[in-house]
Amino acid sequence: MPELPDVEIFKRYVDATSLHKRIESVSVSDERILRETTEKKLKSGLEGKAFDSAVRHGKYLFVSLDGGVNLLMHFGMTGFVRYYKTTPGDLHHTRVLFDFDNGYHLAYSNQRLLGKIGIVGSVDDFIDKNNLGPDAGEIDFTVFSSVLAKGRGTVKGTLMNQNNLAGIGNIYSDEILYQAGIHPEHKENELEKHQIKKLYEAMRTVLKTAVDCGANPDEMPDSYLLPHRADGAECPGCKGTIEKTKISGRSTYYCPKCQK
DNA sequence: AGTACCACCTGACGGC
DNA sequence: TGCCGTCAGGTGGTAC
């Protein structure tokens with residue numbers, strides 16, 4: 001699931017539960033989730049230290065520890081974190097577990113193993129090295145416009161490309177385009193100025209609203225596509241029919257009447 | 001340089 | 001009941 005709003009919720013969750021507690025031990029139950037590190041390195045880097053603060057960039061979460069080290073977390077499609085004292089019955093697929101000195105635990109769960117856990121020094125270096133664009137929640141209008149002006153692909157593809165701007169995935173690109181009234185296959189360099197402005201405003205509003213709703217579609221306004229994101233569903237705007245199609249291999253939902 | 005497609009994984013669901 | 005294909009909100013490599 002996790003796109004920018006979801007990861008922002010995870011960040012707040014980690015901030016609220018897991019900071020300033022001594023990490024007694026770290027255990028990895030599936031090494032395939034590790035990125036450029038090993039269980040041994042993770043243990044030696046984290047055990048005995050404490051999480052200090054969490055920072056999010058796009059869909060990545062970095063949790064800093066004393067000593068200039070950061071735990072890197074990416075959630076893929078099925079990842080999340082959970083803080084608890086007694087192992088919850090509905091918690092499966094814990095890949096990495098952090099045990100704190102207060103008897104509580106933080107689990108990084110990820111069913112499909114598409115995410116990753118690692119250790120990085122500087123967050124800025126990581127962003128540079130991976131060519132991540134500015135965070136979608138922070139990008140200013142001028143930069144946003146210049147990004148959109150140069151590409152020749154579909155608007156949807158551009159919004160989802162993490163090298164352009166970081167944090168938007170399949171779900172929220174659909175929502176943003178729906179709110180902006182722009183067809184997902186619109187060629188990005190053929191967008192008019194007022195459409196780019198509208199897209200930018202929609203992006204900001206959607207991301208903020210989603211975070212305010214705890215990234216939970218059930219909490220979102222009825223005027224949003226997310227609660228109606230199904231083939232044949234009723235468009236909350238025009239009462240027409242939501243259609244499903246595929247754009248660059250990803251399932252895409254949109255309203256043909258509202259989005260031109 | 002930019003875009004399209006497949007592989008990486010697991011599990012749920014519908015059809016036969 | 002069981003097997004099979006398909007699909008799922010991400011990313012990175014490779015091939016055009």
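The values are calculated or read from the model by the stated rules, or taken from the named source; none is laboratory data. Predicted model, so just to flag it, every value in this text is computed and none were measured. Please note: Cβ atoms are built from the backbone with ideal geometry, for glycine as well, and neighbour counts cover all protein chains shown.
Can you go through A:Ile168, A:Ile182, A:Ile176 and tell me which one is under 22 Å from A:His228 (Cα atoms), of a type in the set (A, V, I, L, M) and more than 21 Å from the chain's Cα centre (by Cα)?
Details: A:Ile168 fails: more than 21 Å from the chain's Cα centre (by Cα); A:Ile176 fails: more than 21 Å from the chain's Cα centre (by Cα).
Matching residue, one of A:Ile168, A:Ile182, A:Ile176: A:Ile182.
Could you tell me how many of the residues in region A:124-156 are of a type in the set (Gly, Ala, Ser) and closer than 26 Å to A:Leu72 by Cβ? Spell out the reasoning first.
First, the residues of region A:124-156 that are of a type in the set (Gly, Ala, Ser): A:133, A:136-137, A:145-146, A:149, A:151, A:153.
Subsequent filtering for residues that are closer than 26 Å to A:Leu72 by Cβ retains A:133, A:136-137.
The number of residues fulfilling the criteria is 3.
Out of (1) buried (at least 17 other Cβ atoms within 10 Å of the Cβ); (2) within 13 Å of DNA strand B (Cβ to nearest atom), what's the single condition that is false for A:Ala166?
(2)
Answer with yes or no whether A:Asp124 is under 19 Å from the mean Cα position of the chain (by Cα), more than 16 Å from DNA strand B (Cβ to nearest atom) and in the same structural domain as A:Leu46 (by TED's automatic domain parsing).
Working: under 19 Å from the mean Cα position of the chain (by Cα): yes; more than 16 Å from DNA strand B (Cβ to nearest atom): yes; in the same structural domain as A:Leu46 (by TED's automatic domain parsing): yes.
So A:Asp124 passes the test.
I'd like the residue in region A:187-206 that is within 16 Å of DNA strand B (Cβ to nearest atom) and surrounded by fewer than 18 Cβ atoms within 10 Å (Cβ to Cβ) and, out of all such residues, is modelled with the lowest pLDDT.
Ranking the qualifying residues of region A:187-206, first place goes to A:Asn189.
How about region A:207-260: which of its residues are of a type in the set (Gly, Ala, Ser) and either exposed (fewer than 13 other Cβ atoms within 10 Å of the Cβ) or farther than 18 Å from A:Glu8 by Cβ (or both)?
Kept after step one, since they are of a type in the set (Gly, Ala, Ser), are these residues of region A:207-260: A:210, A:214-215, A:223, A:230, A:232-233, A:237, A:240, A:248-249, A:251.
Selection gives A:Ser223, A:Ala230, A:Gly232, A:Ala233, A:Gly237, A:Gly240, A:Ser248, A:Gly249, A:Ser251.
Count, please, the residues in region A:47-71 that happen to be more than 16 Å from DNA strand C (Cβ to nearest atom), of a type in the set (A, V, I, L, M) and buried (at least 21 other Cβ atoms within 10 Å of the Cβ).
Selection size over region A:47-71: 3.
Which residues, taken from region A:101-117, are surrounded by fewer than 20 Cβ atoms within 10 Å (Cβ to Cβ), away from DNA strand B (no atom under 15 Å from the Cβ) and touching a residue at least 60 places away in the same chain (Cβ under 8 Å)?
A:Asp101, A:Asn102, A:Tyr104 - these are the residues of region A:101-117 that are surrounded by fewer than 20 Cβ atoms within 10 Å (Cβ to Cβ), away from DNA strand B (no atom under 15 Å from the Cβ) and touching a residue at least 60 places away in the same chain (Cβ under 8 Å).
Please work out which one of (1) among the acidic types (Asp, Glu); (2) under 18 Å from A:Tyr254 (Cα atoms); (3) buried (at least 17 other Cβ atoms within 10 Å of the Cβ) is the condition A:Asp135 fails and give its number.
Evaluating A:Asp135 over (1) among the acidic types (Asp, Glu); (2) under 18 Å from A:Tyr254 (Cα atoms); (3) buried (at least 17 other Cβ atoms within 10 Å of the Cβ) leaves (2) as the failure.
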